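Report on the following structure.
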Amino acid sequence: MAQIVLFHYFPRNSILHKMDGRVKLICMILFSVAISLVQSIPSFIILTASLILITLLAARLPLITLLKDMKYFSFLILIILLVNSFVIPGRPIPGFPLPGVTVEGVMTGLIASWRLVLIIMVCAVMTGTTSLITLKNVVEWYLRPIPLVPETRIATMINLTFVFIPVIFDTVSEMLSAQKARCVEGRRNPLKRIMFIAFPLLVQTFRRTEELILAMEARCYSDDRTRAVFATTAKDWLILAFTVLFLAFILFYSF
Amino acid sequence: MSKPNMPIILETQNLTHVFPDGTVAIKDINLQIHAGEFVIVAGANGSGKTVLLRHLNGLIRPTKGKVLLEGEPISKNIIAARKQIGLIFQDSDSQIVGQTVAEDVAFGPENLRLPPEEVNRRVKTYLEVVGLSKLAQQSPHVLSGGEKRKLAVAGVLAMQPKIIMFDEPFTGLDYPGVVQVLRQLVSLHQSGHTIILVTHELEKVLAHADRLIIIYRGKIVEDGTPEEIIGRSEQYGVRMPLGENERVDAMTWLK
Amino acid sequence: MGESTALNLRLTVFAALFTALIIIGGYLSIPLGAVPIALADFFVMLAGLFLGKKWGLASAALYVFLGALGLPVYAGGKAGLAVLFGPTGGFLFGYMALAFVVGLIASQKKPSVLRNLTALIAGNILLYAFGIPWLKTVLNLSWEAALTAGLTPFIPGAFIKIIVAAAIAQALLPRFNKSIADNAEQPEDEEQ
Ligand SMILES: Nc1ncnc2c1ncn2[C@@H]1O[C@H](COP(=O)(O)OP(=O)(O)OP(=O)(O)O)[C@@H](O)[C@H]1O
Ligand SMILES: [Mg+2]
């Protein structure tokens, strides 16, 4: 349950779902870079339109759901807009009741928050089309050539983190309902409230973790393990080439 | 029914474990298990069954004594020993290491650094064996208790051990669940595996066993064929199944 | 497989557990006046206390890294570089400093309340030392405004979290350290 709430991977059979995760990550980074570089409003519009098309057609993701998830960011977006409107010096908006708001400020704020929305969309497309396991394998693959970085360990940690999340989630909700039955809710003292959540949670998850470690040892855990296989098809290269050309075109057009 | 003509595959000598708090969990266990035997270890709660199993594949270190696998101390090459001796834990929840059912089964073979094709082949084979093929891409967290137990079995089978140890495999299973696990046990035994099964629910499985061992307060108090021992089990806190005149070969939930 | 491999595996798994706890902590909050107490930084403190500087840092760093990859792990389901380099990003980097410093000062054979409290307070000072100037710079605020937005409302919560973290460490650390040490020893050759 918890996984469904927390991580928005949508199992589909789209072009992006079938793409090699390594190439997809590069495309995502390229998009993020382009988004942070573009200047002109028309390039923004083209980028936004293309991202919407990618979400709907290439990734077959539910755009409305993704937009709803943006509510988590609405506060951040609002802050960026407000702060910029007041702080950037420039001409006051004629007829605007609040003093201190400038035309330049509002424009800068709008552009900054637009950028933010686009970057969030790119992330959503990436996580929506890539399972956590693939993502873990991609991370491991990119870390491999870096010296002194224990990439297998990191991949194992990522994997275990996502194994633990639903466990903790369930432990917490079980605990909270058990405590509700004993009227802990009525307690005002926040010190005690945190104690009542954290203490049993740690005791239980520690015990569980001990068992998990034994189970991993029993199944011969080793850092020297079979590596994930990736397959890059001609389609992946084509998508990458297209992304590069498209973004280069937009950036060129933007300046 | 017992197989003294087969070579000894697993042996313990004066195996003793004292916990730091002074609890003597097992004391002077001398045990010889022959290849292909089906051994049931029974005993009351806290009698030391789990501790004994964990010694047999080197998960905990004896205070005194040793464990020999095919004549060699397992401490010489603990990884090789664990590869030969699979253990299915009492609590199947805490041995989940994968984010999906298939990943979890792959964990062991990947630790053995088998080539990817072989890993995939084993995952497919053993998910089929336990009947979880349809759930391969599910999160293990959402499986039922019986399905989790089957997943644990598949995870161990995928390492193709010679000896398979089960710690209380029937706990929390309904009738069909017990029958399925039982079928697996019997077919594993028939295919030549050595089976060590810890349980106190003798009526479910005793008919299939070659040998019954009773542990009482950390010591082996009875060791022999089920027919010899069954009449004396009750004094050690192991409920004798189905009345005194019942025959041992009726003690099974299979058909 | 030497002793250190087994010990490493144990700490790796526990570090992953703490990363997961930090993530869940970002979704849990306890009401306290107008500003609810979020629990992410509370579990970061515990990661430092229980895992020590190296693995505490690893656990907090993994948390930041997962969010940077775009997974919605930051408090309230946020994710991505936009947050990491946004107004509150300093606090995320501060988490790493917090875990490290708590582990650095507290890591000791014998846990002492005074030492742990010192470690927690020093770590929290560092957390806000990362968070507030960052907030000020990104949002172009005055010092006064940055402090009002980023520090004052969180002080009571921070104190409560520090006290509870120290109490929990006192109760659970001895057992935790012992189990880590006991189980970390691998059976090695008794023969020869
Ligand atoms: N880590 C530990 N520290 C101290 N004592 C322990 C520890 N683990 C187990 N024991 C004790 O060792 C004894 C044997 O425990 P064990 O788990 O092997 O029992 P069991 O036969 O498997 O019981 P059950 O049927 O309940 O599973 C018990 O008295 C138990 O309390
Ligand atoms: Mg037991």
When residues of segment B:24-66 are filtered for being in a loop (DSSP other than H, G, I, E, B), touching an Asp or Glu at 6+ places or on another chain (Cβ under 7 Å) and within 16 Å of ligand 2 (Cβ to nearest atom), how many remain? 1
Looking only at segment B:142-174, which residues are open to solvent by 40 Å² or more (accessible area, probe 1.4 Å) and more than 16 Å from ligand 1 (Cβ to nearest atom)? B:VAL142, B:SER144, B:GLY145, B:GLU147, B:GLN160, B:LYS162, B:ASP174
Subset of segment C:53-63 [open to solvent by 10 Å² or more (accessible area, probe 1.4 Å) and more than 8 Å from every other protein chain (Cβ to nearest Cβ)]: C:LYS53, C:LYS54, C:TRP55, C:LEU57, C:ALA61
So in segment A:218-253, with the set limited to residues that are surrounded by 18 or more Cβ atoms within 10 Å (Cβ to Cβ) and assigned to a helix (DSSP H, G or I), which one is nearest to the other protein chains (Cβ to nearest Cβ)? A:ALA218
Would you pick out the residues in segment C:65-78 that are crowded, with 21+ Cβ neighbours inside 10 Å and either more than 10 Å from every other protein chain (Cβ to nearest Cβ) or part of a helix (DSSP H, G or I) (or both)? C:LEU66, C:GLY67, C:ALA75
Going through segment B:64-107 one residue at a time, which ones are basic (Lys, Arg) and open to solvent by 20 Å² or more (accessible area, probe 1.4 Å)? B:LYS64, B:LYS66, B:LYS76, B:LYS83
Residues of segment B:48-62 being within 12 Å of ligand 1 (Cβ to nearest atom), of a type outside the set (A, V, I, L, M), within 14 Å of another protein chain (Cβ to nearest Cβ) and touching a strand residue (DSSP E or B) at 6+ places or on another chain (Cβ under 7 Å), in sequence order, are B:THR50, B:HIS55
Exactly one of A:ARG153, A:ARG115, A:ARG144 is free of Cβ contacts under 8 Å to residues at least 60 places away in the same chain, of a type outside the set (A, V, I, L, M) and touching a helix residue (DSSP H, G or I) at 6+ places or on another chain (Cβ under 9 Å), and that one is A:ARG144
On the given criteria, is A:ARG193 of a type outside the set (Ser, Thr, Tyr), over 30 Å from B:GLU103 (Cα atoms) and in contact with a Lys or Arg (Cβ under 9 Å, 6 or more places away or on another chain)? yes
Out of A:MET195, A:MET157, A:MET175, sole residue that is at pLDDT 90 or above and not assigned by TED's automatic domain parsing to the domain that holds A:HIS17: A:MET157
Any idea how many residues of segment A:189-226 are touching a residue at least 60 places away in the same chain (Cβ under 8 Å) and either under 29 Å from the mean Cα position of the chain (by Cα) or more than 22 Å from B:GLN95 (Cα to Cα) (or both)? 2
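Residues checked against (1) at pLDDT below 90; (2) in contact with a Pro (Cβ under 7 Å, 6 or more places away or on another chain):
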residue	(1), (2)
B:VAL198	no, no
B:ILE214	no, no
B:GLY218	no, no
B:GLY224	no, no
B:SER233	yes, no
B:ASN245	yes, no
B:MET251	yes, yes
Subset of segment C:133-181, residues part of a helix (DSSP H, G or I) and of a type in the set (Ser, Thr, Tyr), comes to C:THR137, C:THR148, C:THR152, C:SER179
Counting only residues that are within 11 Å of another protein chain (Cβ to nearest Cβ), part of a helix (DSSP H, G or I) and touching a residue at least 24 places away in the same chain (Cβ under 8 Å), segment A:46-97 contains a total of 8
Verdict on B:VAL105 being part of a helix (DSSP H, G or I), touching a Leu at 6+ places or on another chain (Cβ under 8 Å), under 24 Å from A:VAL167 (Cβ atoms) and away from ligand 1 (no atom under 16 Å from the Cβ): yes
When you scan segment C:79-101, how many residues do you find that are among the β-branched types (Val, Ile, Thr) and open to solvent by 30 Å² or more (accessible area, probe 1.4 Å)? 1
Give all pairs with beta carbons closer than 8 Å in which a residue from segment C:13-38 that is at positive phi meets a residue that is in a helix (DSSP H, G or I) and open to solvent by 30 Å² or more (accessible area, probe 1.4 Å); count only pairs at least 6 apart in sequence or on separate chains. C:GLY33/C:PRO156
Which of the residues spanning segment B:76-102 are assigned to a helix (DSSP H, G or I), small (Gly, Ala, Ser) and modelled with pLDDT of 90 or more? B:ALA80, B:ALA81, B:ALA102
For segment B:175-199, what are the residues that are more than 16 Å from ligand 1 (Cβ to nearest atom) and in contact with a Lys or Arg (Cβ under 9 Å, 6 or more places away or on another chain)? B:GLY177, B:VAL178, B:VAL179, B:GLN180, B:VAL181, B:LEU182, B:GLN184, B:GLY192, B:HIS193, B:THR194
Can you tell me which residue in segment A:102-119 is nearest to the other protein chains (Cβ to nearest Cβ), limited to those that are open to solvent by less than 20 Å² (accessible area, probe 1.4 Å) and closer than 21 Å to A:VAL33 by Cβ? A:LEU116
Enumeration of residues in segment A:125-139 that are more than 9 Å from chain C (Cβ to nearest Cβ), open to solvent by 20 Å² or more (accessible area, probe 1.4 Å) and in contact with a helix residue (DSSP H, G or I) (Cβ under 8 Å, 6 or more places away or on another chain): A:ILE133, A:THR134, A:LYS136, A:ASN137
Any hit, segment B:116-126, residues being open to solvent by 20 Å² or more (accessible area, probe 1.4 Å), within 13 Å of ligand 1 (Cβ to nearest atom) and hydroxyl-bearing (Ser, Thr, Tyr): no
Selection count, segment B:108-135, where residues are of a type outside the set (A, V, I, L, M), farther than 11 Å from B:LYS150 by Cα and part of a loop (DSSP other than H, G, I, E, B): 2
Does at least one position in segment C:163-185 carry a residue that is within 11 Å of another protein chain (Cβ to nearest Cβ), modelled with pLDDT of 95 or more, surrounded by fewer than 17 Cβ atoms within 10 Å (Cβ to Cβ) and over 30 Å from B:ILE60 (Cα atoms)? yes
Identify all residues within segment C:8-41 that are closer than 19 Å to A:VAL167 by Cα and under 9 Å from the mean Cα position of the chain (by Cα); write none if there are none. C:PHE18, C:THR19, C:ILE22, C:ALA40
Per the filter on segment B:14-47, residues under 23 Å from B:PRO161 (Cα atoms), open to solvent by less than 60 Å² (accessible area, probe 1.4 Å) and either polar (S, T, N, Q) or more than 16 Å from ligand 1 (Cβ to nearest atom) (or both) are B:ILE33, B:HIS34, B:ALA35, B:GLY36, B:GLU37, B:PHE38
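The values are calculated or read from the model by the stated rules, or taken from the named source; none is laboratory data. It should be emphasised that the depicted structure is a prediction, and the values quoted were computed from it without experimental measurement. Ideal geometry is used to build each Cβ from the backbone, glycine not excepted, and the neighbour counts take in all protein chains shown. Note: accessible area is taken over every heavy atom of the protein model, side chains too, but ligands, DNA and RNA are not part of it. Shrake-Rupley method; radii C 1.70, N 1.55, O 1.52, S 1.80 Å.
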